[in-house]
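The structure appears right after this line, and notes come after that.
The values are calculated or read from the model by the stated rules, or taken from the named source; none is laboratory data. Quick caveat: nothing in here was measured; it's all calculated off a predicted structure. All Cβ positions, even for glycine, are placed from backbone atoms using ideal geometry, and neighbour counts span all protein chains on display.
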Amino acid sequence: MSSDAFLGSRLEYARHGLREKDLSPNPLDQLSRWLEEAVTENVLEPTAVCLSTVSASGRPSSRMVLLRELSPKGLSFFTNYTSQKGRELEANPNAAMCFWWGILERQVRVEGVVEKLAPEESDRYFESRPFASRLASASSPQSQVIQSREELDHFQSHLLAEFGQNLTRPPHWGGYRLVPDRFEFWQGRPARLHDRFEFRLIEGIWKIARLAP
């Protein structure tokens, strides 16, 4: 695809507008509302979110994860603690998330500090997963170099032979929670004059401001 094709590619967003009076005073409630609308509109993987972390040397990296809980405490997801994101969160707990629902012409950015979930929370979620997903999480040396697909299959076979259906959560796998202090809700509008509202946590109170597009 040529650069000219990229330059000429643009859409006019005209599905919705966004006014401050339409927003919930609590951004977690607003995010919950938009997530429910994404589910209703049959958005593919509505809880998929881009998670960005930063290494100890300041190099950023991003990847998609699935939001598994939205609560007054924050936004939770699960992963391998020894993966790249796990290592980076250990070195620098500051992180950001970005939701994008194209059919709704909406984006939500979330920033904050990530903390590990309590072991019992991770245990509870691990036990709720299908067995094949539990086996995959326990057997994959996530983000590490492997020599072949067969090596990955061997890891799974070894665990299956050792534990069978009695597989419990391995210590290297569990949950994190992003505790937010900033949100931005973005609604596409015509001619790139998008609606943007920032929620910033100041002394325990969410302050709302409209941002220029």
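Worth a mention:
- From the options Glu69, Glu90, residue that is closer than 30 Å to Lys207 by Cα, loosely packed, with under 15 Cβ neighbours inside 10 Å and of a type in the set (Asp, Glu): Glu90
- Selection over the stretch 128-183 of residues that are more than 21 Å from Thr53 (Cα to Cα) and crowded, with 18+ Cβ neighbours inside 10 Å gives a count of 6.
- Test for Ser83: is it of a type in the set (Gly, Ala, Ser), touching a residue at least 12 places away in the same chain (Cβ under 8 Å) and surrounded by 16 or more Cβ atoms within 10 Å (Cβ to Cβ): yes
- Here Ser24 clears all of (1) within 17 Å of Ile205 (Cα to Cα); (2) in contact (Cβ under 8 Å) with a residue 40 or more places away in the chain; (3) more than 16 Å from the chain's Cα centre (by Cα) except the condition numbered (2).
- If you go through the stretch 178-195 and pick out every residue that is within 10 Å of Pro213 (Cα to Cα) and among the aliphatic types (A, V, I, L, M), you end up with 1.
- Within the stretch 46-55, the set of residues being more than 11 Å from the chain's Cα centre (by Cα) and surrounded by fewer than 17 Cβ atoms within 10 Å (Cβ to Cβ) comprises Ser55 only.
- Yes/no for Gln107 being surrounded by 14 or more Cβ atoms within 10 Å (Cβ to Cβ), among the polar types (S, T, N, Q) and within 20 Å of the chain's Cα centre (by Cα): yes
- Residue in the stretch 5-21 that is modelled with pLDDT under 95, aromatic (Phe, Trp, Tyr) and touching a helix residue (DSSP H, G or I) at 6+ places or on another chain (Cβ under 8 Å) present: yes
- Filter pass, Gly74 being at pLDDT 95 or above, farther than 16 Å from Trp186 by Cβ and small (Gly, Ala, Ser): yes
- The stretch 158-178 - residue that is of a type in the set (A, V, I, L, M, F, W, C) and over 12 Å from Glu127 (Cα atoms) and, of those, modelled with the highest pLDDT: Leu178
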